[in-house]
Amino acid sequence: GIASARKKGESVSGDSATYFKSDEGILYVILSDGCGTGEGASRESVNALKLLERFLRAGIEPETALKILNSVMLVRNSDGTLFMTVDLLSVDLFSGEAKIYKYGAAPSYLKRGEEVRRYTGEALAAGLCLDGVSSADCTSLLMQEGDCIIIASDGVANPLDDEWLRSSAAAYSGGCARELSLKLLEEAIEKYGQDDDMTVIAVLLQKRA
């Protein structure tokens with residue numbers, strides 16, 4: 001489930017998101033947050049998202065695909081103004097093995113029943129990571145039936161002020177990813193207003209009947 005809102009006064013969002021499944025049964029979820037807001041941020045985040053998706057669909061491993069994306073951004077970021085955060089989630093739909101990759105992105109969360117764990121990273125945004133520190137942060141975890149991973153842009157998820165998000169997610173007892181993403185977005189708008197682009201993605205793992 002994906003829910004998003006533009007910054008007040010802007011015609012487009014600088015956040016871009018997509019998801020797709022590979023032939024091998026790997027679910028990929030990508031969230032890109034371009035520097036700033038408006039058309040420029042939107043254009044760059046969409047371009048980065050499309051490039052990363054093309055690499056992954058071609059069978060390139062996520063770690064390598066992200067490094068290539070960062071290298072491309074470094075070449076284009078000659079004046080230091082072109083960069084973006086990147087969240088990439090991969091989930092093996094057969095085994096439940098998942099990895100969360102981050103380039104400068106806001107925290108992500110794993111909801112398991114009423115427990116909510118936060119995952120952060122230290123890597124800079126893509127386009128700012130220099131040689132030697134160009135790898136994205138990577139967290140591995142094993143998802144279980146009923147687990148839900150929440151990915152959000154920094155307009156929603158603030159590591160210094162996310163107790164409300166964690167409490168709200170923990171209290172949610174429904175089984176609909178779309179409903180949860182909308183709930184968290186609405187609460188973020190109520191709390192912060194719309195001073196930034198906002199995106200929430202919820203990925204709920206269920207066994208096929």
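Details
- Percent RCO, i.e. relative contact order, over segment 46-187, from Cα pairs under 8 Å lying at least 6 residues apart: 23
- Candidates Phe20, Phe94, Phe83: whichever shows maximal mean-square fluctuation once the chain is modelled as a Gaussian network with Cα springs under 10 Å: Phe94
- Cα centroid separation, segment 182-209 to segment 166-181 (Å): 9
- CD proxy at 222 nm, helix term only [per DSSP H run n ≥ 4: -39500 (n - 2.57); per residue of the chain; nearest 500]: -9500 deg cm²/dmol
- When the solvent-accessible area of the chain is split by element, carbon and sulfur atoms take up 48 percent of it, the probe being 1.4 Å.
- Ranked by the mean number of other Cβ atoms within 10 Å of their residues, highest first, the peptides 7-14, 111-118, 57-64 come out as 7-14, 111-118, 57-64.
- Heavy-atom accessible surface of the chain, averaged per residue, reaches 49 Å², computed with a 1.4 Å probe.
- Ordering of 97-107, 23-33 by burial proxy (mean other Cβ atoms within 10 Å per residue, highest first): 97-107, 23-33
- Working from Cα pairs under 8 Å separated by at least six residues, relative contact order for segment 115-209 is 38 percent.
- Under the Debye formula (equal points on every Cα, no solvent term), log10 I(q)/I(0) of the chain at q = 0.10, 0.13, 0.15 Å⁻¹: -0.39, -0.68, -0.91
- Cleavage-rule hits, GluC sites (Glu not before Pro), segment 143-209, DSSP coil, Cβ neighbours within 10 Å at most 13: Glu145
- Our summary gives segment 1-74 a relative contact order of 24 percent, counting only alpha carbon pairs under 8 angstrom and 6 or more residues apart.
The values are calculated or read from the model by the stated rules, or taken from the named source; none is laboratory data. Model, not experiment: these values are computed from the prediction. Cβ coordinates were reconstructed from backbone atoms using ideal geometry, including for glycine residues, and neighbour counts include every protein chain displayed. Protein only, heavy atoms only, side chains kept; ligands, DNA and RNA dropped before computing areas. Shrake-Rupley method; radii C 1.70, N 1.55, O 1.52, S 1.80 Å.
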